[in-house]
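Undergrad: Please find one structure pasted underneath; my questions will follow.
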Amino acid sequence: MPYGKTTLLPFLLLFLLLGTLCPAGAGAGAAPYRVLVVMSYHETQPLEEETRKGIESVLQGKAELHYVYLDTKYNSHQGKEKAATAYALYRELRPDGVIAADDDAQALFVVPFLRNRVTTPVMFCGVNAEPDRYGYPARNVSGIRERSHISESIAFLQQLVPSVRRIAFMASDDAMGKILKSLVEREAQSYSATSLPVRLVTTLGEAKSAALELRQQSDALLLFSMASIRDAAHNHPNDRQIFSSLSRQYGKPVIGTTDYMIRHGLLCAVVNSGREQGATAARMLLRAMDGTAVSRIPLTSNYEGKRMINVTVMKSLGIRPRPIVLRGVELVNTAE
């Protein structure tokens, strides 16, 4: 008997029957999950952009993504108000899952509104503080802690400039700066250079004065994020203005911890990846939304590190590294 319409009919009927029994959310044509993503900073902040790309690399096509930016780098005084707005959106959307990026989103949004208060799974990323500071892990919260490659960045600098023995640190005097100060205090004994106390500053003028003072006490300076500092006109200078002015004032190697810091005028770093953290948090959330209990999704940390050197800065300092040191390093020039 030819294999034709009569033979196919039972299979077609079975397929149609199964299609009517499958619940929404099953199969290729299912409606996507709905996910709320709460970012601590502003939309164009480089690490937030990287984190978003990582999230979307995993959840694109699997979830309808809604973003809220708390903008606490530049407008910390509005943080609580924006977090309340994010919670109002949460109640309106009733999402299947939440991703919260960086520390302020935990303190202002997850802890007061979601942690152990709802059943919605929440995954964090970009968190520099110890997770127990926020009561993590919690019944409905897990995530990926951000580990800045400070020790690795110092060791990398010493490959470029072996004479570095004492290193200074500077950060903006805000919530993140205080967290990073505590981190350095915990880790300092493990660094390959003697560490000076972290200097916290609020203005560009104060930062320049500190750089001049630290020049006499150290061989190199490591800068953390300085986004919240202001200039004499009470405006926020851009990254290039901050890093170039502090590098000139210090007059010795100044290193960082992130990709954008090196592109905007610091010498070198082993940088972590916001994309890695966003993608990891998204995969963890997908597991939870697919039915895995959050208690069975353990906390983790980022692992990837990329060595970067700003060639413009390296040449200006007269540094001539051995060729082997440059193997596998991403070489960039100062962004225009």
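All of the numbers you see were taken from the coordinates with simple rules; none came from a lab. Nothing here was measured: the structure is a model prediction, and the numbers come from that model. All Cβ positions, glycine included, derive from the backbone under ideal geometry; neighbour counts span all protein chains shown.
Undergrad: Identify the residues of the stretch 304-323 with backbone N under 17 Å of a label point that sits 7 angstrom from the Cα of residue 163 along the Cα-to-Cβ direction, or state none.
TA: Hits in the stretch 304-323 for residue 163 at 17 Å: 314-322.
Undergrad: To one decimal place, what Kirkwood hydrodynamic radius in Å is obtained for the stretch 216-288 from all pairs of distinct Cα atoms?
TA: Across the stretch 216-288, the inverse of the average 1/r is 14.1 Å.
Undergrad: For the stretch 291-335, just list the percent of Cα-Cα distances falling in each 5 Å bin from zero outward, please.
TA: 5, 15, 18, 16, 8, 6, 6, 6, 8, 6, 4, 0
Undergrad: Students often get this wrong, so check it: of 178/208; 73/315; 178/315; 62/306; 73/306, which have C-alpha atoms separated by over 27 Å?
TA: 73/315; 178/315; 62/306
Undergrad: Work out the P(r) tail for the chain: percent of alpha carbon pairs separated by more than 28 Å, whole number.
TA: 48 percent
Undergrad: While we're here: List every residue whose amide H lies under 5 Å from the amide H of residue 222, counting only residues 5 or more places away in sequence or on a different chain, with H placed 1.01 Å from N in the peptide plane.
TA: Those qualifying (amide H under 5 Å, at least 5 residues apart or on another chain) are 168, 169, 170, 255.
Undergrad: Where both residues lie in the stretch 179-336, what percent of DSSP beta bridges are antiparallel, nearest 5?
TA: So the antiparallel bridges amount to about 40 percent of the total.
Undergrad: Sticking with this structure for a sec: Could you pull the Cα extents of the stretch 250-321 along its three principal axes, largest to smallest, in whole Å?
TA: So the extents along the principal axes, rounded to whole Å, are 57, 21, 15.
Undergrad: Let me ask something else. With the chain treated as a Gaussian network of Cα nodes joined by springs under 10 Å, which of 317, 180, 221 yields the largest mean-square fluctuation?
TA: For the chain, modelled as a Gaussian network with Cα springs under 10 Å, the answer is 317.
Undergrad: While we're here: Using the Cα atoms of the stretch 120-169, I'd like the radius of gyration and the largest Cα-Cα distance, Dmax, both in angstrom.
TA: 16.7, 52
Undergrad: Moving on. Mean-square fluctuation check for the chain, GNM, Cα pairs under 10 Å: which of 54, 256, 205 is largest?
TA: So, out of 54, 256, 205, the one fluctuating most is 205.
Undergrad: Between residue 62 and residue 91, what is the label-to-label distance in nm when each label sits 7 Å out along the Cα-to-Cβ direction?
TA: Modelled inter-label distance: 3.1 nm.
Undergrad: On full extension of the chain, what length is gained from residue 43 through residue 187, given 0.36 nm per residue of separation minus the C-alpha to C-alpha distance?
TA: Length gained between residue 43 and residue 187: 48.7 nm.
Undergrad: Residues of the stretch 92-125 with amide nitrogen under 12 Å from the 7 Å Cα-to-Cβ point of residue 34?
TA: Residues passing the 12 Å test: 92-97.
Undergrad: Rounding to the nearest 20 debye, state how big the charge dipole of the stretch 133-185 is about its Cα centre with +1 on each Lys and Arg Cβ and -1 on each Asp and Glu Cβ.
TA: 160 debye
Undergrad: While we're looking at this one, here's another question. Which residue, 224, 113, 124, tops the fluctuation ranking in a GNM of the chain built on C-alpha contacts under 10 Å?
TA: 113
Undergrad: Relative contact order for the stretch 83-234 using alpha-carbon pairs under 8 Å, separation at least 6, rounded to a whole percent?
TA: 20 percent
Undergrad: On to the next question. Could you state the per residue volume, in Å³, of the convex hull enclosing the Cα atoms of the stretch 55-199?
TA: Normalising the Cα hull of the stretch 55-199 by residue number yields 129 Å³.
Undergrad: What FRET efficiency comes out for residue 116 versus residue 320 if R0 is 45 angstrom and r is the Cβ-Cβ distance? Round to the nearest 0.05.
TA: 0.20
Undergrad: Sketch the reach of a paramagnetic label on residue 194 as a point 7 Å from Cα along Cα-to-Cβ, and name the residues of the stretch 202-228 whose backbone nitrogen lies under 16 Å away.
TA: Correct set: 214-221.
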